[in-house]
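The values are calculated or read from the model by the stated rules, or taken from the named source; none is laboratory data. All figures in this text were calculated on a predicted structure; none of them were measured in a lab. With ideal geometry, Cβ positions are generated from the backbone for all residues, glycine too; neighbour counts draw on all protein chains shown. Accessible surface is based on the protein model in full, side chains and every heavy atom, while ligands, DNA and RNA are left aside. Shrake-Rupley method; radii C 1.70, N 1.55, O 1.52, S 1.80 Å.
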Amino acid sequence: MSADAIPSSQAMTAEPSRRDRSLDLVGIVLSIVTLVAALASFFPIYWAIITSIKPDGEVISGSNTLWPNRITFDSYIHIWNNTNIAIWYVNSMVTSLIITAAVIVSSAGCAYALSQLDFPGRRLIYMLILACFMVPMQALIVNHFVLMAQFKLLNTWAGIILPQLIVPVVIIVYKQFFDSVPKEFREAAMMDAAGHFKILFRVYLPMNWGVTAALAIITFIGAWNAFLWPFLAATGEATMTVPVGITQVKDAYGIVYGKLMASAVVAGLPVAIVYLIFQRRVTQAIMLSAGVKG
Amino acid sequence: MADIRLANVSKRFGAVTVLENVSMEIESGEFIVFLGPSGCGKSTLLRMIAGLEAVDGGQIHIGDQRVDHLPPSQRGVAMVFQNYALYPHMTVTQNMSFGLRNIGMPAQEIAQRVADAARILEIEQLMDRRPAQLSGGQRQRVAIGRAIVREPKAFLLDEPLSNLDAGLRVRTRVELAHLHQRLRTTMIFVTHDQIEAMTLADRIVVMNNRKVEQIGTPMDVYSRPASRFVAAFVGSPSMNFLPVAGITDVGGRARVELAGAAAIQTGIPTRELPAGNGLTFGVRPEAVRVAIEGKGMLEGTTDIVERLGDRTLAHVRLADGTVLVAEDAGKSTLQAGMPVSLTVDGTATHLFDVNEAAYHAAA
Ligand SMILES: Nc1ncnc2c1ncn2[C@@H]1O[C@H](COP(=O)(O)OP(=O)(O)O)[C@@H](O)[C@H]1O
Ligand SMILES: [Mg+2]
């Protein structure tokens, strides 16, 4: 390659070869650190899975082998036959999907207004939303509980859903997205006789479905994994979500690790599937929301 | 088609006034160019006609309808944006039909109009592509197509050629002229490029610094600029400006004495000129010719020679140090450093007073 082909930024650094070699060293160290971290993160999951496919006796014996002596799906059959896990699954699926759809539509609308419309108090409202972002849900949980109790929504899907519709980060990410769209697109759409709803749903959102997909995925995963609020809002087995329901597995049978782990694996399955299918989108989503926090 | 009338239109952004009492009448079918330096308010004025900027004062009429309070979609005008603003997620067909679908036009008529526009613009083979799959020139056509299908009363184009490379810009300019001849629809075209303005316009609106400097045909603006600003902005190379040492009257016409040099007889009526000093003499390079040595009105030394092929520009330093650009034939033998004589065509000269107002030879 001729010297001309080297981009100027590289050409300016002296002795590029030494720089490359030191980068390689850093790269190896980073790779090792990443590998160790990945193994450390994966091990509990691995442990849960093999525990769930060991026979009860082997789990209790404390042999702690890395691979089951005998593989059995008894634990899975047991939780399917003896718990309400199917109902919990339906509850989780319905509430998570409704939360996701409602959060996406309402946040997109809210962010569009904050980003594109000029109305008194819009800066104040945005400040309040940013402030909400800093208040963890746990801090509001008593208020939510009292409110839902007064609305008589405890032990209903609505009661589980409503407090979880507050996801400021989705509004903030959407607002940043809309802010970044050149204003000519909105103007062209206005010349094309599109109203605000059309501009939002036919021009802005379709322009980059990636943003919506990413936000929908993190919202769905968040809703699926939510424990504290559904745990308080759903006290009857009929309205429990999966993460809440699996606590019942322990209560009913004493500490039965195999069955507990089987239900944990089942609970985590949808998130794992969503993650595997949309791996890139999830990473993008985490980066989008990290950009907000940074 | 309709005429467009602006009456005392003003625009403020916060405390800054960007347009003040702008008035003009645009005739139906005219090709009007807003010409001026960057930041003078051309785009703002166009966007006010389009309805994308609110009007802070004055009125805008399109045809016999007052439009300054109507939303953009109800003004019957179509806009082509500088960056085209094609919807990136829609195909060319969808881009062109979006506006028609929004007004509830029957699908059959939409298809017909889109097909017609595609044929006129020769983009039929691109109709299923998305903007990212098009070249700059193709995007530009699609943007024009999106405007054409609306069958607007007027096209508003904001620097539509500025994102094209030089060769394509010239070709597209010619095509735009053809399109105007074919459609005969009013077009308002914004540019800071005086060649685009000269070549395309029926009339040019020269703007500067919050106001309209001159409205006139290209030749009017070129040969009878209304102000020193217009004289300097239009024409390339730019007009020569020299300080005037004194004026004498010769048969009703002004004879201009230049500092340290000969006098030049102009065709400008003396009685129109203001009393007092501070006049500036203006002459375009094409009216200053290189003469046989010793036979000219002005003597100087050649500083720089620019060969353009068809003609040669000579930057000539006069005795008092001022530099004048003169024209010579393409095959000129001039060299830098050579002494040179110049003749000035007195009928093509201008005078400007301290307020930059212009005085020309009697028509
Ligand atoms: N939205 C705006 N807010 C504040 N100032 C603006 C806005 N749009 C344009 N301006 C100012 O108005 C002046 C005219 O702008 P513009 O019409 O875009 O100029 P041109 O198109 O002639 O280059 C500029 O000084 C610009 O900075
Ligand atoms: Mg502009």
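Given a 1.4 Å probe and the protein chains as shown, A:CYS132 ends up with an accessible area of around 70 Å².
Computed from the Kirkwood radius of its Cα pairs, the Stokes-Einstein diffusion coefficient for the range B:163-216 at 4 °C and 1.567 mPa s stands at 105 µm²/s. Quick one: which bits of the range B:88-131 get at least 20 Å² less accessible when the partner protein chains are in, versus the chain alone, with a 1.4 Å probe? Listed in order, they are B:PRO88, B:HIS89, B:PHE98, B:GLY99, B:ARG101, B:ASN102. The Kirkwood radius of the protein assembly as shown, taken over pairs of alpha-carbon atoms, gives through the Stokes-Einstein law at 10 °C and 1.306 mPa s a diffusion coefficient of 50 µm² s⁻¹. When a 1.4 Å probe is rolled over the protein heavy atoms, the share of accessible surface on the protein assembly as shown that falls to carbon and sulfur comes to 59 percent. Considering only Cα atoms, the convex hull volume of the range B:235-346 works out to 101 Å³ per residue. Ranked by the mean number of other Cβ atoms within 10 Å of their residues, highest first, the peptides B:167-180, A:162-175 come out as A:162-175, B:167-180. Here the protein assembly as shown is assigned +1 on the Cβ of each Lys and Arg and -1 on the Cβ of each Asp and Glu. Its dipole about the Cα centre then comes out at about 1540 debye. Given R0 = 51 Å, the distance between the Cβ atoms of B:LEU308 and A:PHE197 translates into a calculated FRET efficiency of 0.35.
For chain A, the fraction of alpha-carbon pairs lying more than 30 Å apart is 52 percent, rounded to a whole number. Treating only the Cβ atoms of Lys and Arg (+1) and Asp and Glu (-1) as charged, compute the dipole magnitude of chain B about its Cα centre; round to the nearest 20 debye. The calculation lands at about 880 debye. Listed by chain and number, the lysines whose C-alpha is less than 16 Å from the C-alpha of A:LYS54, apart from same-chain residues fewer than 8 away, are A:LYS259. Ordered from longest to shortest, the equivalent ellipsoid semi-axes for the range B:227-292 are 20, 16, 11 Å, each the square root of 5 times a Cα gyration tensor eigenvalue. Can you give the Kirkwood hydrodynamic radius of chain B from its Cα pairs, in Å with one decimal? Result for chain B stands at 23.0 Å. Annotation for B:ARG182 and B:ILE120: the two label points, set 7 Å from Cα along the Cα-Cβ direction, are 0.7 nm apart.
Computed over the range A:129-271, the alpha-carbon pair-distance distribution with 5 angstrom bins reads 2, 8, 14, 14, 14, 13, 11, 9, 6, 4, 2, 1, 1, 0, each value a whole percent. For the chain pair A and B, the buried solvent-accessible surface (1.4 Å probe, both sides summed) amounts to about 1800 Å².
Sparse packing (at most 10 other Cβ atoms within 10 Å of the Cβ) combined with a DSSP loop state is found for the following trypsin sites (Lys or Arg not before Pro) in the range B:296-363: B:LYS331. Inter-label distance, B:ALA336 to B:ASN21: 4.9 nm, where each label sits 7 Å from its Cα along the C-beta direction. Mean projected area of the Cα convex hull of the range B:178-249, taken over all directions, amounts to 6.7 nm². Whole-Å semi-axes of the range B:151-270's equivalent ellipsoid, largest first, each the root of 5 times a Cα gyration tensor eigenvalue? Result for the range B:151-270: semi-axes of 37, 15, 12 Å. Computing FRET efficiency as 1/(1 + (r/R0)^6) for B:GLU286 and A:ASP179, where r is the C-beta to C-beta distance and R0 is 56 Å, gives about 0.65.
Only DSSP H runs of four or more residues enter the estimate; each adds -39500 (n - 2.57), and after division by the residues of the protein assembly as shown the mean residue ellipticity at 222 nm equals -14500 deg cm²/dmol.
With bins 10 Å wide beginning at 0, the percent of Cα pairs of the range B:51-125 falling in each bin runs 15, 38, 31, 14, 1.
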